[in-house]
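Encoded as structure tokens, the structure appears first; notes follow it.
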Amino acid sequence: MPAKTALTALLVAVAATTTFAEEKTVEVKDLTLTVPEGWKQTKPASSLRLAQFEIPTAKGDSEAAQLAIFSFPGGGGGVKGNLPRWLGEFKTDGRKVVLKEGKGSQGAYVLADIKGEHIGTSFRRRPKPLKDGRLLGAIVTIEGKGIYFLKLVGQDATIEAAAKDFRAAIGADAKKEKDYEPSL
């Protein structure tokens, strides 16, 4: 097979097996997100939410995940006020927590990755706990503009499938993150 034909066959094979996720840019006040087309923007379930997305269910999971975005005058309690609240959404037995910090294209952020039995928020408990629950949350500080809280909640496989896109949405880079030690 001539080299040109072999190269063409290889390129066709790569193109046929590679998926290129379409992205869209979404403005949420001063926060600019780049999210996959598959993340469906929905009407916020609460007046406290600036925006909300439904994240497609991963294979094996039974429900879609939800990304909610908040920002409050005066900073909304920042990391100290919100991290304990997010931890409180899970039973303590078996709960696993990873905290990271970094600087992304939007600004400095703290990222919380919490796994375990999700029982719901302090405002709204789940009727039945989600055994394989996971919360991926980011607290993003946009200098001179405000603090934004992004909370992605759902089943573990769905959150795992969306984790890279979640970071990309806020311009974060996992390779440049450091462990975060809260001073709660």
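The values are calculated or read from the model by the stated rules, or taken from the named source; none is laboratory data. What you are looking at is a predicted structure, and each value in this text was computed from that prediction instead of being measured. Reconstructed Cβ throughout: ideal geometry from the backbone, glycine too, with neighbour counts over all protein chains shown.
Tell me whether the stretch 5-19 contains one or more residues that are modelled with pLDDT of 90 or more and not in a helix (DSSP H, G or I). Working first, answer last.
At the first step, the residues of the stretch 5-19 found to be modelled with pLDDT of 90 or more are none.
No, because not a single residue in the stretch 5-19 is modelled with pLDDT of 90 or more and not in a helix (DSSP H, G or I).
Which of (1) assigned to a loop (DSSP other than H, G, I, E, B); (2) out of contact with any helix residue (DSSP H, G or I) (no Cβ under 7 Å at 6 or more places or on another chain) is the odd one out, the single condition LYS100 does not satisfy?
(1) is the only condition that LYS100 fails.
Filter the stretch 29-76 down to the residues that are of a type in the set (Gly, Ala, Ser) and without any contact (Cβ under 8 Å) to a residue 60 or more places away in the chain, then identify the one that is farthest from VAL153 (Cα to Cα).
Taking the stretch 29-76 first, the residues of a type in the set (Gly, Ala, Ser) are 38, 45-47, 51, 58, 60, 62, 64-65, 68, 71, 74-76.
Checking the rest, the ones that are also without any contact (Cβ under 8 Å) to a residue 60 or more places away in the chain come to 38, 45-47, 51, 74.
Values: GLY38: 16, ALA45: 14, SER46: 16, SER47: 18, ALA51: 14, GLY74: 25 Å.
Checking each candidate, the answer is GLY74.
What number of residues within the stretch 103-145 are under 16 Å from LEU31 (Cβ atoms) and part of a loop (DSSP other than H, G, I, E, B)?
7
Taking the condition of being more than 18 Å from the chain's Cα centre (by Cα), of a type in the set (Lys, Arg) and loosely packed, with under 15 Cβ neighbours inside 10 Å, how many residues in the stretch 89-133 meet it?
Selection size over the stretch 89-133: 6.
Here is a yes/no grid of residues against (1) over 22 Å from GLY78 (Cβ atoms); (2) at pLDDT below 95; (3) out of contact with any Ser or Thr (no Cβ under 6 Å at 6 or more places or on another chain):
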residue	(1), (2), (3)
PHE90	no, no, yes
VAL97	no, no, yes
GLY104	no, yes, yes
ILE114	no, no, yes
PRO127	yes, yes, yes
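For residues that are modelled with pLDDT under 95, on the phi < 0 side of the Ramachandran plot and surrounded by fewer than 18 Cβ atoms within 10 Å (Cβ to Cβ), tally how many sit in the stretch 60-83.
Residues flagged as modelled with pLDDT under 95, on the phi < 0 side of the Ramachandran plot and surrounded by fewer than 18 Cβ atoms within 10 Å (Cβ to Cβ) within the stretch 60-83 amount to 7.
Show the residue pairs that are 6+ apart or on different chains and have beta-carbon atoms under 9 Å apart, the first residue being within the stretch 127-141 and farther than 19 Å from ILE55 by Cβ, the second being among the basic types (Lys, Arg) and not in a strand (DSSP E or B).
Listed pairs, sorted by first residue: PRO129/LYS91.
May I ask you to say which residue of GLY120, GLY154, GLY144 is of a type outside the set (Ser, Thr, Tyr) and either in contact (Cβ under 8 Å) with a residue 40 or more places away in the chain or under 22 Å from GLU177 (Cβ atoms) (or both)? Before the answer, list the steps.
Details: GLY120 fails: either in contact (Cβ under 8 Å) with a residue 40 or more places away in the chain or under 22 Å from GLU177 (Cβ atoms) (or both); GLY144 fails: either in contact (Cβ under 8 Å) with a residue 40 or more places away in the chain or under 22 Å from GLU177 (Cβ atoms) (or both).
It is GLY154.
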